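What follows is one structure encoded as structure tokens, with my remarks underneath.
The values are calculated or read from the model by the stated rules, or taken from the named source; none is laboratory data. Every value quoted in this text rests on a predicted model; they were computed, and no experiment measured them. Cβ: placed from backbone, ideal geometry, glycine included. Neighbour counts: every protein chain shown. Side chains included, ligands, DNA and RNA excluded: accessible areas come from the protein's heavy atoms. Shrake-Rupley method; radii C 1.70, N 1.55, O 1.52, S 1.80 Å.
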Amino acid sequence: MPMKPKKKVTVKGADLSSLTKRQQDTMKKHAVHHTGKHMKMMANMMKRGKTFTQAHKAAQKKVGR
């Protein structure tokens, strides 16, 4: 039986598909308070192995809210 393709999960333009379910849920709640630019930057950093907190602090410094 062929595997079903994973549904693309996005929040404010940031692709969260390659993150874990828990990370996706956390990012969805987080998106209420932050811009698309902030969310995209965080998602990219988390895909590369940073934790949510590390990615958030770096995004705050670089792009702000």
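So what's the angle, to the nearest 10 degrees on a 0 to 90 scale, between helix 36-47 and the longest Cα principal axis of the chain?
For 36-47 against the chain, the angle is about 60 degrees.
Report the charge-dipole magnitude of the chain in Debye, nearest 20, computed about the Cα centre from +1 at each Lys and Arg Cβ and -1 at each Asp and Glu Cβ.
Roughly 40 debye for the chain.
For the chain, set up a Gaussian network in which alpha carbons nearer than 10 Å are linked by springs, and say which option among Ala14, Ala31, Ala43 fluctuates the most.
Taking springs between Cα atoms under 10 Å, the residue moving most is Ala31.
Tell me the relative contact order for the chain as a rounded percent, counting alpha carbon contacts under 8 Å between residues six or more apart. Intermediate values should be presented prior to the final figure.
Values: 58 pairs, mean separation 18.8, N = 65.
Averaging sequence separation for qualifying contacts and normalising by length gives 29 percent for the chain.
Treating the angle as unsigned and between 0 and 90°, give the value, to the nearest 10°, between the Cα long axis of helix 21-30 and the longest Cα principal axis of the chain.
40 degrees
With θ set to phi - 60° and the Karplus curve 6.51 cos²θ - 1.76 cosθ + 1.60, what are the ³J(HN,Hα) couplings of segment 60-65 in order, to the nearest whole Hz, using x for Gly and Pro?
4, 5, 7, 10, x, 5
Taking a 1.4 Å probe, which of Met45, Met39 shows the most accessible area, and what order do the others take after it? List each step's numbers first, then the result.
Numbers: Met45 25, Met39 0 Å².
Ranked from most to least accessible, the order is Met45, Met39.
At 1.4 Å probe size, with no ligands or nucleic acids counted, give the accessible surface of Thr35 in Å², nearest ten.
60 Å²
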